[in-house]
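Just so it is clear, none of the values below were taken in a lab; they were calculated from the coordinates. Predicted, not measured: the structure shown is a model, and the values here were computed from it. As a convention, Cβ positions derive from the backbone with ideal geometry for all residues, glycine included, and neighbour counts pool all protein chains shown.
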Amino acid sequence: MISREDFVFTIGYEGDQAVVDGKAKARYAKLGTMELARAGLFRAAFASALYDGDQAKLDEFAAYYNGVSGAAYRSAEEFSRLFGIKKEEVRKALVL
């Protein structure tokens, strides 16, 4: 599995490699889930919570996102569809 930072800033896949946004990774890699959300990086924040697999983080993110957006998403599956993120077994990352 690729690192948390690579997963959080993955922008797509090419074959068996995750394509990672290197600029965003360099700038925001040290931020936690809620810090990313408060910075407006909702896709990255959800990816962070999903990678950790911590239901409390997912719930906290959902409450924050729903409060800011006026949406009513509840489950990780709903957010996965919204942001186009699915946890995949990827062994390599290509940082652009």
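Points to keep in mind about this one:
- Residues in segment 11-17 carry Karplus couplings, in order, of 10, x, 9, 10, x, 9, 10 Hz; the curve used is 6.51 cos²θ - 1.76 cosθ + 1.60 with θ = phi - 60°, and Gly or Pro positions show x.
- With contributions of -39500 (n - 2.57) from each DSSP H run of at least four residues, the per-residue ellipticity at 222 nm computed over the chain stands at -15000 deg cm²/dmol.
- Environment charge of Asp21, counting only residues whose C-beta is closer than 13 Å and scoring Lys/Arg +1, Asp/Glu -1: +2
- Relative contact order of the chain, defined on C-alpha pairs under 8 angstrom at six or more residues apart (%): 38 percent
- Note that segment 26-39 has calculated 3J(HN,Hα) couplings of 4, 7, 10, 4, 7, 7, x, 3, 6, 5, 5, 4, 5, 7 Hz, one per residue in order, obtained from phi through the Karplus relation 6.51 cos²θ - 1.76 cosθ + 1.60 (θ = phi - 60°); glycine and proline are x.
- Long-range HN-HN contacts of Leu94 with modeled amide H, under 5 Å: Ala18, Val19, Val20
- Backbone geometry of segment 52-69 corresponds, through the Karplus equation with coefficients 6.51, -1.76 and 1.60 at θ = phi - 60°, to 3J(HN,Hα) couplings of 5, x, 9, 4, 4, 5, 4, 5, 5, 4, 4, 4, 5, 4, 5, x, 6, 8 Hz, x marking Gly and Pro.
- Counting only residues at least eight positions apart within a chain, or on another chain, the aspartates and glutamates with an alpha carbon under 14 Å from that of Lys86 are Asp6, Asp52, Glu77, Glu78.
- Protection proxy ranking, highest mean first, for peptides 66-77, 2-13: 2-13, 66-77, where packing is the per-residue count of other beta-carbon atoms within 10 Å, averaged.
- Here the chain yields Rg over Rh of 0.96, to two decimals, using C-alpha coordinates and the Kirkwood radius.
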